[in-house]
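Everything on this sheet refers to the single structure shown next.
The values are calculated or read from the model by the stated rules, or taken from the named source; none is laboratory data. Because the structure is a prediction, the values reported are computed rather than measured. Positions of Cβ are backbone-derived with ideal geometry, glycine not excepted, and every protein chain shown enters the neighbour counts.
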């Protein structure tokens, strides 16, 4: 049976997007986060959805038009490549210096977050959204105790930034029980 | 008789035919009974949370054209232990998304009667920091699913243009649409075997086939 994994499909779509960018003489820089970044780090995440999340790029109209062409060709969701994650601020500390580079494309400077940063963002995502896919991804990422703690610090930074120190103090009991939960669940 | 490895591969291929965005895509068309697909999902869709999310979204979408009676029949024959907890969760979700929740009550009863109650089930191999209330109702320890992101998990156009789905949506009665879909893949199979494969009684299949031949 001729089957194609969702990762292969997305990489083919990116390859085609790169060709269109080349024809239009456009160069872009994408910093990939989310499950695609987990895959690019070489971890065994065997199933995913057909989308790529990126940050640090404000998409031009021309770029969006090209991604729509690819979406039609591959029957991907209209926002198969999206910048929804760009709203995360502040970003994890030192993210710029910990990015990895994938140089397979001529016109897409493809960067992706390393495992350390991916863990921080997933810990925060799981605390905020409480989605099963986030704890499942954390299992794949298999963090150490200190990586979990960095993730919790990043979560605290987010709460402090968006809601202030008083709210953070109110959330501390829950954050501590969250940390205990993550230790139990991810370090066994 | 189909072995479980074949059944597993066919389930995933059929799910790709229906438009799931979380399973490997295949261009090969697969026959599978729609209600059996729903029942077997309790076994195979739980492979990971993204596939399960896609599966629940699909079940919610096709719920109005599913036959609860057939699902009941297949579930009694096929499922065991914790699979009834998963079926209960699927049906509860359908009830929350349909305008006719009453017709699903018998399946809720069946699932409640047979569900596993001794320990809480970790469906995806992990516990939840905060257990989703609907999962909790079915003794499953799991976080929530991203059920609002329909386009991310399911290609609805592919689902709605699938031969069997399209026929049922057009108002073709279950037994007729099942026969017509089955015959694309199994032209020469006996009526008796077909009746077993599509989970209808022989008399209905015989009568429907006769009528279909008349209009062919």
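Numbers for the structure displayed
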item: Any chance residue B:123 is under 20 Å from the mean Cα position of the chain (by Cα), within 14 Å of chain A (Cβ to nearest Cβ), surrounded by 14 or more Cβ atoms within 10 Å (Cβ to Cβ) and at pLDDT below 95; result: yes
item: Residue within the stretch B:166-186 that is within 12 Å of chain A (Cβ to nearest Cβ), buried (at least 17 other Cβ atoms within 10 Å of the Cβ) and free of Cβ contacts under 8 Å to residues at least 60 places away in the same chain present; result: no
item: Residue ID - farthest from the chain's Cα centre (by Cα), chosen from residues in the stretch B:126-138 that are more than 22 Å from residue A:139 (Cα to Cα) and either within 11 Å of another protein chain (Cβ to nearest Cβ) or surrounded by fewer than 20 Cβ atoms within 10 Å (Cβ to Cβ) (or both); result: B:133
item: Criterion: touching a residue at least 40 places away in the same chain (Cβ under 8 Å), outside any loop (DSSP other than H, G, I, E, B) and surrounded by fewer than 19 Cβ atoms within 10 Å (Cβ to Cβ) - qualifying residue of B:152, B:158, B:112; result: B:158
item: Qualifying residue in the stretch B:73-89 (condition: buried (at least 16 other Cβ atoms within 10 Å of the Cβ), within 14 Å of another protein chain (Cβ to nearest Cβ) and without any contact (Cβ under 8 Å) to a residue 60 or more places away in the chain); result: yes
item: Residue ID - surrounded by the fewest Cβ atoms within 10 Å (Cβ to Cβ), chosen from residues in the stretch A:12-31 that are within 19 Å of the chain's Cα centre (by Cα) and either more than 14 Å from chain B (Cβ to nearest Cβ) or without any contact (Cβ under 8 Å) to a residue 12 or more places away in the chain (or both); result: A:29
item: Considering residues of the stretch B:139-148 that are more than 7 Å from chain A (Cβ to nearest Cβ) and in contact (Cβ under 8 Å) with a residue 24 or more places away in the chain only, the residue farthest from residue A:134 (Cα to Cα); result: B:139
item: Every residue from the stretch B:32-47 that is closer than 25 Å to residue A:34 by Cα and surrounded by fewer than 20 Cβ atoms within 10 Å (Cβ to Cβ); result: B:47
item: Residue among B:144, B:204, B:126 that alone is touching a helix residue (DSSP H, G or I) at 6+ places or on another chain (Cβ under 6 Å) and under 28 Å from residue B:83 (Cα atoms); result: B:126
item: Condition broken by residue A:34, with the remaining ones in (1) touching a strand residue (DSSP E or B) at 6+ places or on another chain (Cβ under 9 Å); (2) surrounded by 14 or more Cβ atoms within 10 Å (Cβ to Cβ); (3) on the phi < 0 side of the Ramachandran plot satisfied; result: (3)
